[in-house]
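Scroll down for the structure; my scribbles are underneath it.
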Amino acid sequence: MSLDRIILSDFRNHRATRLEGTAQFNLLVGENGAGKTNVLEALSLLAPGRGLRRAALPEMAGQDSDGGFVVGADLASGAGEPVRLGTATTAAQPARRRVHVNGAEAPALRLAEWLSLGWLTPAMDRLFAESAGARRRFLDRLALALDPAHARYAARYEAALRERNRLLGDPPEPDPRWLDAIEAQLAEAGAALAGGRAALVGALSQALAALPEGPFARPALAYRAGGPLASDTLAAALASGRRRERAAGRTLTGPHRDELEVTLAGKGQPAAACSTGEQKAMLIAITLAHAALAGRERPQVLLLDEVAAHLDPLRRAALFARLREGSAQVWLTGTERAPFAEIAGEAAVWRVTAGMAERLG
């Protein structure tokens, strides 16, 4: 199954773009600023969450639009009618995202039941040097692609965490019974959230261990929990830490303090201390391993923004070979076609110019 008959209406600089006749490899070429990444961002909105740029919804509407946008695509299979997936905002409610499946309004989480989306962008090159929060968001996005329920656990945990932090910061001593109730919710959602992250890292570690030594640097992953993993143990830790956390004004124990530790397996060197090339290679390895896992559960679409430009010919050929062996539909961007010569005969190609896409092959 793959995406086809894709439409972008008033999305970023795309006034009215239509892409059809897709293939396993789909290549968008054009100058910087032409709107290639905007297409990938639109596709990333066919999954729950904020998309590959994590931008606010009003920012995505075209400057000359009425304030809303539409993104739609057919999830096509070899047999039967395609599933029509769509997401949109309106001028009246530019910050509210609506989702439709076969014309019927649905919660955004329903998208994850039909399609698994993953991406790799140049902005992610800073992942290993950024805050632990960026790596937690990375983990959660990957976990969601394997288990759509993961987003509910994260939302419930964040809501309960905000409420507990509010109570801890109130001038009067909070009612212990109210804290008991909030902490029970926090512990239940936190245990499920941490369990999903731990399971993801375990599955990724197994998949990475099965990969060849080269040409991509192999990362070793470790999940460091920010608190007890069991619900009852986490609840007890929260209750016992009230006095200390009230003094701090915030909750100091739980999955919001989790960390993903990544090292270069061959050297045992922390990813943050590795070269830019090694970090990029480790990200590619993680992305490919995750795509293989996600593709077992539901149709997989992989968005790779400017990935070929930073690879030498050997690694580019290896990347295309690995993608060809997988089941994912792949979308790639580049400023020219030359780096993609390896897949020239099998890719659907569009030239993107000023928010317009012209089919080349």
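The values are calculated or read from the model by the stated rules, or taken from the named source; none is laboratory data. In this text, all values refer to a predicted model and were calculated from it rather than measured experimentally. Cβ placement follows ideal geometry from the backbone for every residue including glycine, while neighbour counts extend to all protein chains displayed.
For the reader, a short list of remarks on this structure follows.
- When A210, A203, A237, A271 are checked against the criterion of being modelled with pLDDT under 95 and small (G, A, S), a single residue qualifies: A210.
- First in the range 56-70 and aliphatic (A, V, I, L, M), second anywhere and part of a helix (DSSP H, G or I) and surrounded by 15 or more Cβ atoms within 10 Å (Cβ to Cβ), Cβ under 9 Å, 6 or more apart: M60/N38; M60/E41; M60/A42
- Any hit, the range 339-360, residues being closer than 23 Å to A207 by Cβ and among the small types (G, A, S): no
- Failed item, numbered, when A23 is tested on (1) outside any strand (DSSP E or B); (2) within 25 Å of L109 (Cβ to Cβ); (3) of a type in the set (A, V, I, L, M): (2)
- Residue list for the range 325-361, filter: more than 17 Å from L311 (Cα to Cα) and part of a helix (DSSP H, G or I): E325
- Every pair of residues 6+ apart whose Cβ atoms lie under 6 Å, when the first sits in the range 341-361 and is over 19 Å from A328 (Cβ atoms) and assigned by TED's automatic domain parsing to the domain that holds R12 while the second is part of a strand (DSSP E or B) and hydroxyl-bearing (S, T, Y): A357/T17
- The lone criterion from (1) part of a helix (DSSP H, G or I); (2) in contact with a helix residue (DSSP H, G or I) (Cβ under 7 Å, 6 or more places away or on another chain) left unmet by L28 is number (1).
- Close pairs from the range 233-245: first under 8 Å from A187 (Cβ atoms), partner modelled with pLDDT of 95 or more and not in a helix (DSSP H, G or I), Cβ under 7 Å, at least 6 apart: L234/G227; L234/P228; L234/G254; L238/T253
- Residues of the range 185-229 satisfying the condition of being aromatic (F, W, Y) and over 19 Å from the mean Cα position of the chain (by Cα): F216
- Qualifying residue in the range 24-42 (condition: free of Cβ contacts under 8 Å to residues at least 60 places away in the same chain and either over 24 Å from A309 (Cα atoms) or in contact with a Cys (Cβ under 9 Å, 6 or more places away or on another chain) (or both)): no
- Residue check, E306 more than 21 Å from the chain's Cα centre (by Cα) and outside any helix (DSSP H, G or I): no
- Residues that are not assigned by TED's automatic domain parsing to the domain that holds A149 number at least 1 in none of the helices (runs of 4 or more DSSP H) confined to the range 169-256.
- Looking across the range 326-344 at every residue that is under 22 Å from the mean Cα position of the chain (by Cα) and more than 14 Å from V39 (Cα to Cα), the one that is surrounded by the most Cβ atoms within 10 Å (Cβ to Cβ) is identified as Q329.
- Test: residue in the range 111-120 that is more than 25 Å from D147 (Cα to Cα), modelled with pLDDT of 95 or more, in contact with a strand residue (DSSP E or B) (Cβ under 9 Å, 6 or more places away or on another chain) and not small (G, A, S): no
- When we screen Q269, Q185 for residues that are farther than 21 Å from L146 by Cβ, without any contact (Cβ under 8 Å) to a residue 40 or more places away in the chain and in contact with a Ser or Thr (Cβ under 8 Å, 6 or more places away or on another chain), the only hit is Q269.
- Looking across A265, A308, A347, one residue alone is crowded, with 19+ Cβ neighbours inside 10 Å, modelled with pLDDT under 95, among the aliphatic types (A, V, I, L, M) and farther than 30 Å from A235 by Cα. It is A308.
This table checks each residue for (1) more than 27 Å from A160 (Cβ to Cβ); (2) crowded, with 18+ Cβ neighbours inside 10 Å; (3) not acidic (D, E).
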position: R197; (1), (2), (3): no, yes, yes
position: L204; (1), (2), (3): yes, yes, yes
position: A209; (1), (2), (3): yes, no, yes
position: Y223; (1), (2), (3): no, yes, yes
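- Beta carbons closer than 9 Å, at least 6 apart along the sequence or on distinct chains, never pair a first residue in the range 128-148 that is not assigned by TED's automatic domain parsing to the domain that holds L193 with a second that is at pLDDT 95 or above and of a type in the set (S, T, Y).
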